[in-house]
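Bear in mind these aren't lab numbers, they're just calculated from the coordinates by the rules spelled out. Source: prediction; values computed, not measured. Positions of Cβ are generated from backbone atoms using ideal geometry, with glycine treated the same way; all protein chains shown enter the neighbour counts.
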Amino acid sequence: MSENKQRPLFGVGGMTLLTVLLVLALTMFAVLTLSSAQADMRLSQKSARAVSDYYAADSVAARLQSQAAAMWPLGPRPKAALVRDTLAADYDVGVSEVDEGLMFFCDIPIAAGGQILQVTMYLAPPGPAQRWRIDQWQFLPPPMEVEEEQPLPVWQGE
């Protein structure tokens with residue numbers, strides 16, 4: 001009598017090898033997931049810091065606007081030099097007389113990144129019409145230095 005024994009498809013060594021490969025693959029996926037989560041967290045923190053810095057500069061510009069409006073409640077228009085000198089203690093502002101109103105120019109730095117909030121506003125005389133006209137309220141990225149590169153020596157064919 002001959003017995004036909006069925007041999008297992010995978011032996012003990014094959015199952016061990018398959019288990020080791022599965023554990024390695026799961027470990028790699030765990031490491032990749034962790035590094036991706038850390039990168040996302042760093043990006044979120046940078047984004048939150050940039051947004052809060054922008055809105056801090058935006059609130060400075062809004063304070064400038066309210067202080068400038070308070071300097072001219074009723075009556076004749078104040079001189080641009082007087083308004084500029086009064087506001088110069090808190091802001092780097094330029095003021096000029098345009099038509100019957102005042103034009104304000106101000107560059108507000110945004111944190112330490114070199115970015116600027118550039119604001120240009122027109123304040124009309126007191127009356128029933130709208131007093132403020134915002135001509136520019138613009139975020140400017142930091143200026144980039146452009147360096148000239150040396151030309152590459154290219155063979156001219158001779």
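Between Ile116 and Ile110, Leu140, the built amide H atoms are under 5 Å apart, and every one of these is 5 or more places off in sequence or on another chain.
Close amide H contacts of Trp132 (hydrogens built in the peptide plane, cut-off under 5 Å, sequence separation of 5 or more or a different chain): Ala124.
At 0.36 nm per residue, minus the direct Cα-Cα distance, what do Arg63 and Glu149 gain on full extension? Give it in nm, one decimal, please. Please report the intermediate quantities before stating the final value.
Values: separation 86, 0.36 × 86 = 30.96 nm, distance 4.47 nm.
Separation in residues times 0.36 nm, less the Cα-Cα distance, equals 26.5 nm.
Once the C-beta distance of Glu97 and Tyr55 is scaled by a Förster radius of 30 Å, the resulting FRET efficiency is 0.45 to the nearest 0.05.
Between Met41 and Val20, the simple spin-label model (points 7 angstrom out along Cα→Cβ) gives 3.3 nm. With the alpha-carbon atoms of segment 39-140 aligned to their principal axes, the span from lowest to highest coordinate is 57, 27, 18 Å, starting with the largest. The share of C-alpha pairs in segment 52-110 whose separation exceeds 15 Å stands at 48 percent.
Loop sites here are chymotrypsin sites (Phe, Trp or Tyr not before Pro) outside DSSP states H, G, I, E and B with no more than 12 other Cβ atoms within 10 Å. The longest part of the chain free of them is 11-154.
From the residues Ala39, Ala57, Ala129, which one has its Cα farthest along the dipole of the chain in the positive direction, the dipole being from +1 and -1 charges on Cβ of Lys/Arg and Asp/Glu about the Cα centre? It is Ala39, whose Cα lies furthest towards the positive end.
Across segment 16-32, coupling constants 3J(HN,Hα) worked out from phi with the 6.51/-1.76/1.60 Karplus curve, θ = phi - 60°, read 5, 4, 5, 5, 5, 5, 5, 5, 4, 5, 5, 5, 4, 5, 5, 5, 5 Hz, and Gly and Pro carry x.
Among Glu97, Glu149, Glu158, rank each residue by its count of other Cβ atoms within 10 Å, from fewest to most, as a rough exposure measure. Before the final figure, lay out the partial values.
Working: Glu97 14, Glu149 6, Glu158 3.
Result, fewest neighbours first: Glu158, Glu149, Glu97.
Per-residue 3J(HN,Hα) values for segment 147-157, derived from phi via the Karplus relation 6.51 cos²θ - 1.76 cosθ + 1.60 with θ = phi - 60°, read 9, 6, 8, 6, x, 7, x, 10, 5, 8, x Hz in sequence order (x marks Gly and Pro).
Think of the chain as a dipole: +1 on every Lys or Arg Cβ, -1 on every Asp or Glu Cβ, centred on the Cα centre; then among Ala88, Gln118, Leu21, Leu21 lies furthest on the positive end.
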